[in-house]
Amino acid sequence: MARDAAGSEDTAHPAYRLDGAGLLLRHLREGALSRLETSVVAPNPDIQAIEELTKDIGGTLNGLRLYQTHPYRRCVPGARTFWTRGSTRVIDYGGAGQPILVIPSMINRATIMDLTLEESRMRWLARNGFRPFLFDWGEPGTRESQFTIGRYLIRRLRPAFDAILRHMGGPVHLAGYCMGGPIALALAATRPDDIGGVVTLGTPWDFDQFPEHDRFRDNRKALEASLMTMGALYGTIPPQVTQSFFAMRDLTSGARKFRRFASRPADCADALRFVAIEDWLNDGVAVPLPVAMECFSDWLVGNALLHGTWQIGETLFDPTAINAPVMVIAGTRDSVVPPSSALALADALNTPHVLTPPTGHLGIVLGEQADQTVWHPVKDFLLSSFPKRS
């Protein structure tokens, strides 16, 4: 990502757009194309079924082509880098309100919180009573390549938080998105007197609720061996691994969304939003092998968060050490983190502050519906949670 003289962030030509096509093409080959071949050579071919299959295949392929050649490029005004260490940084979005540190997932770019000018959660926070800071994990460098999540917390996130605390001179709110949620809670447990309120957004907790749990549990040794092999070959775990993990859940829906995209004018708002989101999804971040082992083996298979066995440095994460009020948000249409997984966190914390908006995983962050059903309630919760100074 480069920064131009005007201070805007501009994404270079996204060759990565091709990465997401492979799974869908394989899906077509093994699904619709295979059915089409069988239908065509059948003794009594069903012409209507053949026409429908042909239309679906053509629509998906056309959507992929239009997406890969779309002229859209992300370009938003740059924000000031407040703090940096190694490959990580904190971005300051200004504002004169209460400080909040937003912690996104480690497996995708932090830009989901500042996707476009129209869909920037960080700029929304700055306009609505907060001084928002965004923690950007970045692409792991040489120093981070063997980090665990705990080491990231100790050597990167805590120092960043302390820098914000010194600068702002008072308690800081935390908001964690997806796997950023458990990390935000772990930070809150180590700074109990310095946190205003904590919000978790689509945060996984009970991994028994994940559709892959049983299959990965039954093949845990093979899973770990595969991750270690990739780590040895590439140094880190490539972003395509985590991208494929979620995409493979429902490739039929993936094909359908590209057909819908192909049916829209290329310059309409919905099409531009689609490309912006797909670019973010396809522009994943590599993760250190130890982080991947924690996420897939300890969290997904071992259910370490639910069972209280998540190790951070030399200690176990203890959610009872959190003094701040916590709001748990679980989208009822979330296909990435099942709502039942996220809501288990509310039970673990015994928090009465639970929000179940009718959104998907990205819909918790993006869109006008998110403003009304998620972020205005979040705003009210955090503003009322800010400790009064003596």
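Laboratory data are not the source of any read-out in this text; all were calculated from the coordinates shown. Because the structure is a prediction, the values reported are computed rather than measured. Positions of Cβ are generated from backbone atoms using ideal geometry, with glycine treated the same way; all protein chains shown enter the neighbour counts.
Dimensions of region 140-234 along the principal axes, based on C-alpha atoms and rounded to the nearest Å, stand at 49, 34, 17, largest first. Centroid-to-centroid, using Cα positions, region 314-390 and region 153-217 are 11 Å apart. Based on every Cα atom in region 180-239, Rg and the maximum pairwise Cα distance Dmax equal 16.5, 44 Å. Mean residue ellipticity, 222 nm, helices only, the chain: the sum of -39500 (n - 2.57) across DSSP H runs of n ≥ 4, divided by residue count and rounded to 500, is -12000 deg cm²/dmol.
Of the chymotrypsin sites (Phe, Trp or Tyr not before Pro) found in region 279-363, none is in coil by DSSP with at most 12 other Cβ atoms within 10 Å of its Cβ.
Between His213, His167, His376, the residue with the greatest mean-square fluctuation in the GNM of the chain (Cα pairs under 10 Å linked by springs) is His167. Here the alpha carbons of region 47-188 define both size measures, Rg and Dmax, at 19.9, 72 Å. Treating region 254-390 as a set of equal point scatterers at the Cα positions, no solvent, please give the Debye-formula log₁₀ I(q)/I(0) at q = 0.12, 0.15 Å⁻¹. Scattering profile of region 254-390, log10 relative to I(0): -0.71, -1.02. Counted as membrane-span-like here are DSSP H helices of the chain whose alpha-carbon atoms extend 18 Å or more along the helix's own axis and whose Kyte-Doolittle mean is 1.0 or above; there are none. In the chain the longest region clear of trypsin sites (Lys or Arg not before Pro) that are loop-assigned by DSSP and have at most 10 other C-beta atoms within 10 Å covers 1-387.
The GNM of the chain, with springs linking C-alpha atoms under 10 angstrom apart, assigns the highest mean-square fluctuation among Pro265, Pro239, Pro290 to Pro265. Using every pair of distinct Cα positions in region 264-337, the Kirkwood expression returns a hydrodynamic radius of 16.3 angstrom. Positive contributions from Lys and Arg (+1) and negative ones from Asp and Glu (-1), summed over other residues with Cβ under 14 Å from the Cβ of Ile164, come out at +4. Treating each Cα of the chain as an identical point scatterer and summing with the Debye formula, the log10 of I(q)/I(0) at q = 0.10, 0.13 Å⁻¹ comes to -0.68, -1.14.
The charge dipole of the chain, taken about its Cα centre with unit charges on the Cβ atoms of Lys, Arg (+1), Asp and Glu (-1) only, comes to about 780 debye. Using bins of 5 Å that start at zero, the share of Cα-Cα pairs per bin across region 311-390 amounts to 3, 14, 20, 20, 19, 13, 8, 3, 1, in whole %. Counting only Cα atoms, I'd like the Rg/Rh figure for region 67-108, Kirkwood definition for Rh. Looking at region 67-108, the ratio lands at 1.08. Of all DSSP bridge pairs formed entirely within the chain, close to 45 percent run antiparallel.
Throw me the Rg/Rh for region 214-335, computed over C-alpha atoms with Kirkwood Rh, two decimals. Please report the intermediate quantities before stating the final value.
Working: Rg = 18.6 Å, Rh = 17.7 Å.
Using Cα coordinates only, the ratio equals 1.05.
Beyond 14 Å, the tail of the calculated P(r) for region 95-179 holds 66 percent of the Cα pairs.
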